[in-house]
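Q: The structure that follows is given in the form of structure tokens.
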Amino acid sequence: MQKRLEIGQIINTFGIKGEVKVFPLTDDIKRFDDLETVYVKNKKESQLYNIESIKYHKNFVLIKFKEINTVEQAETLRNSYLEVDRAQAIPLNEGEYFIADLIGLEVYSDEGKLIGKVDDIYNTGANDIYVVKDDLGKQTLLPGIKDVIKNVDLEKGQIIVHLIPGLI
């Protein structure tokens with residue numbers, strides 16, 4: 001399991017005082033209210049930043065870091081991801097999982113056939129879509145609904161699915 005979880009991506013700067021505009025990658029956008037620090041991770045490194053203020057604008061989070069005071073400094077953070085330690089994660093309900101924990105799990109049909117591994121998960125608004133790829137790169141899209149996703153076993157590293165007619 002990963003030590004840190006992504007909770008947002010910096011997509012732009014905001015204003016002239018060094019604020020950043022964040023696209024939240026969490027179901028609970030208000031979870032940012034409880035944060036005092038966050039890791040900002042780009043391709044090269046991950047650095048801890050102190051949060052000075054949080055505001056909300058439409059479906060975005062506006063964050064002012066204590067260490068960033070100009071729009072030019074904020075611009076260097078564009079496209080970086082915001083991460084928190086797993087200990088700071090919001091507790092999940094029964095049957096809920098962090099996407100980071102599902103990526104890479106093997107997916108088997110309820111008949112025992114290996115379909116592939118979870119490559120990505122997209123949220124469509126109605127339900128999640130699990131992107132499963134086999135060793136040859138063939139992609140299968142599975143809806144994240146109870147009729148299809150039958151069992152998730154993080155310990156075994158596998159997901160059991162029921163392939164309803166017309167799905168594949």
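Q: What residues have an amide H closer than 5 Å to that of Ser80, excluding those fewer than 5 places away on the same chain, when H is modeled at 1.01 Å from N in the peptide plane?
A: Ile10
Q: About the Cα centre of the chain, what is the dipole size in debye to 20, counting +1 per Lys and Arg Cβ and -1 per Asp and Glu Cβ, all else neutral?
A: Here the size comes out at about 520 debye.
Q: With unit charges on the beta carbon (Lys/Arg positive, Asp/Glu negative), name the residue among Ile11, Phe32, Val71 whose Cα is farthest towards the positive pole of the charge dipole of the chain.
A: Comparing the listed Cα positions along the dipole, Val71 ranks first.
Q: Okay, next question. Expected output is a single nm value to one decimal: the length gained when fully extending between Leu35 and Asp85, i.e. 0.36 nm times separation in residues minus the C-alpha distance. What is it?
A: 16.9 nm
Q: Now a separate question. With charges set only on the Cβ (+1 for Lys and Arg, -1 for Asp and Glu), what does the dipole of region 99-159 come to about its Cα centre, in debye to the nearest 20?
A: 100
Q: Is region 99-159 best put as rounded, prolate or oblate by its Cα gyration tensor, with a ≥ b ≥ c the root eigenvalues, rounded for a/c under 1.5, and otherwise prolate when a/b is larger than b/c, oblate when not?
A: The shape class here is rounded.
Q: Let me spell out the model: positive unit charges on the Cβ of Lys and Arg, negative unit charges on the Cβ of Asp and Glu, origin at the Cα centre of region 4-87. What dipole size does that give, in debye rounded to 20?
A: The calculated dipole for region 4-87 is roughly 200 debye.
Q: Straight-line reach from Lys146: which lysines have Cα under 25 Å away, leaving out those fewer than 8 places along the same chain?
A: Lys113, Lys117, Lys133, Lys138, Lys156
Q: Can you tell me the length gained on complete extension of the stretch Asp110 to Lys66, counting 0.36 nm per residue apart and subtracting the Cα distance?
A: 10.7 nm
Q: May I ask you to evaluate 6.51 cos²θ - 1.76 cosθ + 1.60, the Karplus curve with θ = phi - 60°, for each residue of region 74-89 and list the ³J(HN,Hα) values in order in whole Hz, giving x for glycine and proline?
A: 5, 4, 5, 8, 4, 6, 7, 9, 9, 10, 10, 5, 3, 5, 8, 5
Q: Tell me which residues come under 5 Å, amide H to amide H, from Val107 once H is placed; ignore anything under 5 positions away on its chain.
A: Hits under the 5 Å cutoff: Ile115, Gly116, Lys117, Val118, Ile159.
Q: For region 4-87, count all C-alpha to C-alpha pairs, find those more than 18 Å apart, and express that count as a whole percent of the total.
A: Cα-Cα pairs in region 4-87 separated by more than 18 Å: 31 percent.
Q: Of Lys43/Lys64; Lys30/Lys64; Lys21/Lys41; Lys17/Lys55, which pairs sit farther than 20 Å apart, going by alpha carbon to alpha carbon?
A: Violating the 20 Å limit, Cα to Cα: Lys43/Lys64.
Q: At 7 Å along Cα-to-Cβ for each site, give me the label-to-label distance between Leu92 and Gln2 in nm.
A: 1.3
Q: Mind listing the Cα extents of the chain along all three principal axes, in Å, largest one first?
A: Over the chain, Cα extents along the principal axes are 57, 32, 28 Å.
The numbers here are math on the coordinates, done by the rules we state, and not lab data. Worth saying up front: this structure is predicted, and the values here are computed from it rather than measured. Reconstructed Cβ throughout: ideal geometry from the backbone, glycine too, with neighbour counts over all protein chains shown.
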